[in-house]
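What follows is a set of notes on a single structure, which appears directly below.
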Amino acid sequence: METPRADTPVVVLHTPLTDPSKLDQFVEDCLREGVRLIAVAGPDADRIEDTIDEIVVGDASQDDRFVVTSNHAGEPIEDVLSFASSWDGGSEVKEVRL
């Protein structure tokens, strides 16, 4: 699994996921590292985005758990990368495949 670096505020997660069992830990790593946006690109991106949102919210007992998510099913990866890199005034983007 690829862990985002602390200086990477934006992640593009490619789907389909090769190993969905890694998604929970990936999301926890993103939260710990201060990732501000997880953009999900590829087939089934809407379902993966919903799953990420559920992981972040959990039982709703921790109000400090937050990351913006977006899904980009059917969009060219160049457009997704452009969107992600312009997030929050310009950000470094890390592409991740799980």
- How many residues of segment 65-93 are of a type in the set (Ser, Thr, Tyr) and closer than 20 Å to residue 28 by Cα? The answer is 2
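Would you say residue 68 is crowded, with 18+ Cβ neighbours inside 10 Å, of a type in the set (Val, Ile, Thr) and touching a helix residue (DSSP H, G or I) at 6+ places or on another chain (Cβ under 9 Å)? Even if it seems obvious, please write down each step before you answer.
On the way: crowded, with 18+ Cβ neighbours inside 10 Å: no; of a type in the set (Val, Ile, Thr): yes; touching a helix residue (DSSP H, G or I) at 6+ places or on another chain (Cβ under 9 Å): yes.
The answer is no for residue 68.
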- Go through the residues of segment 47-54 one by one and say whether even a single one is of a type in the set (S, T, N, Q), surrounded by fewer than 20 Cβ atoms within 10 Å (Cβ to Cβ) and out of contact with any Gly (no Cβ under 6 Å at 6 or more places or on another chain). yes
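Taking segment 29-49 as the search range and keeping residues that are over 11 Å from the mean Cα position of the chain (by Cα) and not in a loop (DSSP other than H, G, I, E, B), which one is nearest to residue 76 (Cα to Cα)? Spell out the reasoning first.
Here is the first cut: in segment 29-49, the ones over 11 Å from the mean Cα position of the chain (by Cα) are 32-34, 42-44, 46-47.
From what is left, the residues that are not in a loop (DSSP other than H, G, I, E, B) are 32-33, 46-47.
Values: 32: 29, 33: 27, 46: 15, 47: 18 Å.
Across segment 29-49, the extreme among qualifying residues is 46.
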- Quick one: how many residues across segment 71-91 are part of a loop (DSSP other than H, G, I, E, B) and either open to solvent by 80 Å² or more (accessible area, probe 1.4 Å) or on the phi > 0 side of the Ramachandran plot (or both)? 3
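Among the candidates 23, 31, 98, 13, which residue alone is in contact with a strand residue (DSSP E or B) (Cβ under 6 Å, 6 or more places away or on another chain) and surrounded by 12 or more Cβ atoms within 10 Å (Cβ to Cβ)? Give the steps one after another, and end with the answer.
On the way: 23 fails: in contact with a strand residue (DSSP E or B) (Cβ under 6 Å, 6 or more places away or on another chain); 31 fails: in contact with a strand residue (DSSP E or B) (Cβ under 6 Å, 6 or more places away or on another chain); 98 fails: in contact with a strand residue (DSSP E or B) (Cβ under 6 Å, 6 or more places away or on another chain).
13 is the lone residue from the list that is in contact with a strand residue (DSSP E or B) (Cβ under 6 Å, 6 or more places away or on another chain) and surrounded by 12 or more Cβ atoms within 10 Å (Cβ to Cβ).
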- Message: Could you list, ordered by first residue, the pairs with Cβ atoms under 8 Å in which the first is in segment 62-87 and in contact (Cβ under 8 Å) with a residue 12 or more places away in the chain and under 16 Å from residue 45 (Cβ atoms) and the second is outside any loop (DSSP other than H, G, I, E, B) and acidic (Asp, Glu), at least 6 apart or interchain?
- Response: 69/49; 69/53; 70/49; 71/46; 71/49; 72/79; 73/46; 81/95
- Of all residues in segment 1-27, which are acidic (Asp, Glu), within 26 Å of residue 76 (Cβ to Cβ) and at pLDDT 95 or above? 19
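The values are calculated or read from the model by the stated rules, or taken from the named source; none is laboratory data. From a predicted model like this one, the values you see are computed outputs, not experimental measurements. For neighbour counting, all protein chains shown are included, and Cβ atoms are generated from backbone atoms with ideal geometry for every residue, glycine included. Heavy atoms of the whole protein, side chains included, go into the accessibility calculation; ligands, DNA and RNA do not. Shrake-Rupley method; radii C 1.70, N 1.55, O 1.52, S 1.80 Å.
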